[in-house]
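The values are calculated or read from the model by the stated rules, or taken from the named source; none is laboratory data. Bear in mind the structure is a predicted one, so any value in this text is a computation, not a measurement. All Cβ positions, even for glycine, are placed from backbone atoms using ideal geometry, and neighbour counts span all protein chains on display. The area values use the complete protein model at the heavy-atom level, side chains included, leaving out ligands, DNA and RNA. Shrake-Rupley method; radii C 1.70, N 1.55, O 1.52, S 1.80 Å.
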Amino acid sequence: MPTPGTPLSAALIPDCTTPEAHHAAYKSAKTNDAIFVCIARQGRRWKVELDAFSSSGPTVPEQAVTLLQSAAEALVVAGTVTQANIAPDYISMLAIESEEKAREIAAAFHAAMHGLRQLYLAVPSQSGRA
């Protein structure tokens, strides 16, 4: 079991295909003050969802959102996902071919979001915000 508030490995990303599983995973993330992450089957494809509102950490800085957006756009261009929605506290990616790929993407973006928040807290910017 990972330490609460740390990024999850691909194997530990919860499958939230059912509403009950989604609710339980989100509740667990809130209880552990962690960034929520999950995958879910949609027809024959998979989606990835991350939600930082489940934790009390700071909003991901605009510069970091740009980095996440760039990575998501590369996945769209490559045809790995058909649609990606990136905001400072929420990420979703749709129509991923396999559960394995969805887990890989979810774990990578979960680690990135967590790490960028940690960096924001550790390194002050010149304007007081990262």
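Of 50, 68, 12, the residue with the greatest mean-square motion in the GNM of the chain, using alpha carbon springs below 10 Å, is 12. With respect to the chain, whose longest principal axis is taken over its alpha-carbon atoms, helix 19-31 is tilted by about 20°.
With all protein chains present, how much of the accessible area of the chain (probe radius 1.4 Å) comes from carbon and sulfur, to the nearest whole percent?
Percent of accessible area from carbon and sulfur atoms in the chain: 57.
Between the helical axis of 99-122 and the dominant principal axis of the chain, each derived from Cα atoms, what acute angle in degrees is found, rounded to the nearest 10? Once rounded, the angle reads 10 degrees.
Evaluated at 37 °C with a viscosity of 0.692 mPa s, what Stokes-Einstein diffusion coefficient in µm²/s does the range 1-65 have when Rh comes from the Kirkwood expression over alpha-carbon pairs?
Values: Rh = 12.5 Å.
It comes out at roughly 262 µm²/s.
Ignoring trypsin sites (Lys or Arg not before Pro) that are buried or in helix or strand per DSSP, and keeping those with at most 14 other beta carbon atoms within 10 Å, what is the longest stretch of the chain between them?
45-128
When volume of the Cα convex hull per residue in Å³ is calculated for this entry, the matching label among (i) 180; (ii) 201; (iii) 92 is (iii).
A straight Cα-to-Cα reach below 18 Å connects residue 47 with the lysines 101, residues fewer than 8 places away in its own chain not being considered. Subtracting the Cα-Cα distance of residue 45 and residue 71 from their residue separation scaled by 0.36 nm leaves 7.3 nm. The modelled label-to-label distance between residue 20 and residue 119, using points 7 Å beyond Cα along the C-beta direction, is 4.1 nm.
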